Amino acid sequence: MELLFTMKMKKQVNRSIQPKLFLLFFLYPFWFLNADTESDKELALHHFMQGEFLMNQGNYALAVLEFQDAIDLDPNAATIHVSIADAYRRLGKAKRTEDHLRIALDLDPEETEAREMLGQLFFTQKNYLEAQSVFKELNQSDPDNLDYLYTLADLARIQKNWDLAIDYYIEGYEVNSMSIEGLEQALQIAMTTNTFDRAEVTPFQHCHSNSQHQSFVSLLSFLISL
């Protein structure tokens, strides 16, 4: 079964681009009207939005140039560092991606997108301990975020820390009882590691009594009866 983190990654390929396009089309016509009086920050904004437009077109190399021009004019804008990091990530430049994400976090420790991207970078590099550290920080700041819980569960699973993985998957179910994917993953671990006693904990029993999850219930009932 595919890791829940991997499923999340596939759904979020363009997550950092689309929300910014509205701002691009709303503000773009007004910049050139005041071109002679633009401050450095206004010009930086122009380069930034040009970069976002190029990102949406899939032209990541040119987007990097625009973002770098924006950074030269406004080096303390964490958002620009996140965007250039995203462009470098799509170009396969891991070191430059990490460098700009760390700069963004130094400038703004509350920059969640930068921290998420850094965790994803470590995950894809198979640097699981660093990824785990990043997602633990994210989980502490937002304990009800299913993506963070399931990513931590996936990381524990990859490192064969079966009990911890099951705990995180169950915690995800406790946050949202309609999200059965975590319990399915936990059950798969129990099947693989012959730890069926974990199926007797409260969340599994609750799911067992939920008629909406019939296919899962049938398999769970069979395993508990072994």
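Total residues in region 147-182 satisfying the condition of being assigned to a helix (DSSP H, G or I), touching a Gly at 6+ places or on another chain (Cβ under 7 Å) and surrounded by fewer than 18 Cβ atoms within 10 Å (Cβ to Cβ): the figure is 0.
Scanning region 144-167 for residues that are within 18 Å of the chain's Cα centre (by Cα) and over 21 Å from residue 121 (Cα atoms) turns up just one, 144.
Inclusion of residue 85 among residues that are touching a His at 6+ places or on another chain (Cβ under 6 Å), at pLDDT below 95 and in a helix (DSSP H, G or I) is not warranted.
Residues in region 50-68 that are surrounded by fewer than 18 Cβ atoms within 10 Å (Cβ to Cβ) and assigned to a helix (DSSP H, G or I): 56, 61, 62, 65, 68.
Residue under question is residue 122, and the condition is that it be under 30 Å from residue 164 (Cα atoms) and crowded, with 23+ Cβ neighbours inside 10 Å; does it hold? No. Within region 91-102, if we keep just the residues that are crowded, with 17+ Cβ neighbours inside 10 Å and either acidic (Asp, Glu) or touching a residue at least 24 places away in the same chain (Cβ under 8 Å) (or both), the residue that is nearest to residue 59 (Cα to Cα) turns out to be 97. Looking at 139, 127, just one residue is closer than 20 Å to residue 185 by Cβ and either in contact with an Asp or Glu (Cβ under 6 Å, 6 or more places away or on another chain) or polar (S, T, N, Q) (or both), and that residue is 139.
Yes or no: residue 114 more than 29 Å from residue 49 (Cβ to Cβ), in a helix (DSSP H, G or I) and not aromatic (Phe, Trp, Tyr)? Taking the combined requirement at face value, the residue does not satisfy it.
One residue alone among 225, 177, 221 is at pLDDT below 85, out of contact with any helix residue (DSSP H, G or I) (no Cβ under 8 Å at 6 or more places or on another chain) and among the small types (Gly, Ala, Ser), and that residue is 225.
With respect to the stated conditions, residue 107 fails to be more than 22 Å from residue 142 (Cβ to Cβ) and touching a helix residue (DSSP H, G or I) at 6+ places or on another chain (Cβ under 7 Å).
The values are calculated or read from the model by the stated rules, or taken from the named source; none is laboratory data. Just so it is clear, the structure is predicted and the values come from calculations on it, not from any experiment. For neighbour counting, all protein chains shown are included, and Cβ atoms are generated from backbone atoms with ideal geometry for every residue, glycine included.
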